[in-house]
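> Before I ask anything, let me first share the structure, which is written out below as structure tokens.
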Amino acid sequence: MSENNINQFASLPYEYDALEPFIDKETMSVHHTKHHRAYYDKFIKAIEGTSLENMSVIDILKDLSVLPEDKKQAIINNGGGYFNHNFFWDILSPTSNKAPFEALEKEIVTSFESFENFKEKFKEKALTLFGSGWVWLVLNKEGKLEIIQTRNQDSAISLGLKPILALDVWEHAYYLKYQNKRAEYVDAFWNVVNWKQAEFLFNSYK
Ligand SMILES: [Fe+2]
């Protein structure tokens, strides 16, 4: 992630049209400049004037139990929306390897039998998530790979999990191009996954 220690609204690490034809320019532009921006602005407003102002969004989300009650849900929604999208932009790439490699590839095969099987299970989680949310590949508390769903902007890091991959399955992430065809959006996602970033994250958790 490009902004681990400071809370700022960063540009995407590629152009809005860089993920075409899999994720279109208009979707990326609206997603970043409108949706992500709104989460960021509301997050900053929620922590304004509190001691949380000096903390990174990651540290804030890692322990929700210490958050002031009157700010808690706003931070879960908007801090989560801010962090989850930062994570998502970095896990996408116009120069995707198309498949995992090295240590993460081995672990995916160990955990899910094959990369194809992993993709099927990930897709199933994306298609069975009712409403809005995220699907994640994480290292769980036992240090094993697991595919999980979170609702709304709840973040995997708030559950004590270590995220490796994430897919935004809010309709705003795909509706302009794919309308109700979430399955096609998930299939397209595999063409733009930044497996180098996923591998980097996986190794960083060891
Ligand atoms: Fe989103």
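We did not get these values from a lab; they are worked out from the coordinates using the rules stated. Since we're looking at a predicted model, the values are computed, not measured. Ideal geometry is used to build each Cβ from the backbone, glycine not excepted, and the neighbour counts take in all protein chains shown.
> Where in the chain is the longest stretch that carries no GluC sites (Glu not before Pro) classed as loop by DSSP and with at most 10 other Cβ atoms within 10 Å?
My reading of the result: 49-141 is the longest stretch.
> Rounded, prolate or oblate, given the Cα gyration tensor of region 84-129, with a/c below 1.5 counting as rounded?
Oblate, because a/c is 1.5 or more while a/b does not exceed b/c.
> How far is helix 102-112 tilted, in degrees, relative to the longest principal axis of the Cα atoms in the chain, given as a value from 0 to 90 rounded to the nearest 10?
So the helix axis and the longest Cα principal axis differ by about 80 degrees.
> Helix 37-47 sits at what angle to the longest principal axis of the chain, using alpha carbons and giving 0 to 90 degrees rounded to 10?
40 degrees
> Loop only by DSSP, 13 or fewer other Cβ within 10 Å of the Cβ. Give me the trypsin sites (Lys or Arg not before Pro) in region 31-114 that pass, ordered by residue number.
Listed in order of number, the matching sites are 98.
> Within region 118-158, report the trypsin sites (Lys or Arg not before Pro) that DSSP leaves as loop and that have at most 15 other Cβ atoms within 10 Å.
141, 144
> Moving to a separate point now. Give me the distance in nm between label points sitting 7 Å out from Cα along the Cα-to-Cβ direction at residue 124 and residue 99, one decimal.
Each label point is offset 7 Å from its Cα along the Cβ direction, giving 2.2 nm.
> Let me ask something else about it. Can you show me the helix-derived [θ] at 222 nm for the chain, built from DSSP H runs with n ≥ 4 at -39,500 (n - 2.57) apiece and divided by the number of residues, rounded to the nearest 500.
So the helix-based figure for the chain works out to -12000 deg cm²/dmol.
> If you take the square roots of the eigenvalues of the alpha-carbon gyration tensor of region 18-177 and sort them as a ≥ b ≥ c, do you get rounded (a/c under 1.5), prolate (a/b over b/c) or oblate? Mind dumping the intermediate values first?
Working: a/c = 2.05, a/b = 1.35, b/c = 1.51.
Cα axes put region 18-177 in the oblate bin.
> Listed here are the pairs 119/181; 45/144; 71/144; 45/119; 62/206; 34/106; which of them are more than 28 Å apart at the Cα?
Too far apart for the 28 Å limit: 45/144; 71/144; 45/119; 34/106.
> Please report the net charge: other residues with Cβ closer than 13 Å to the Cβ of residue 187, K and R +1, D and E -1.
+2
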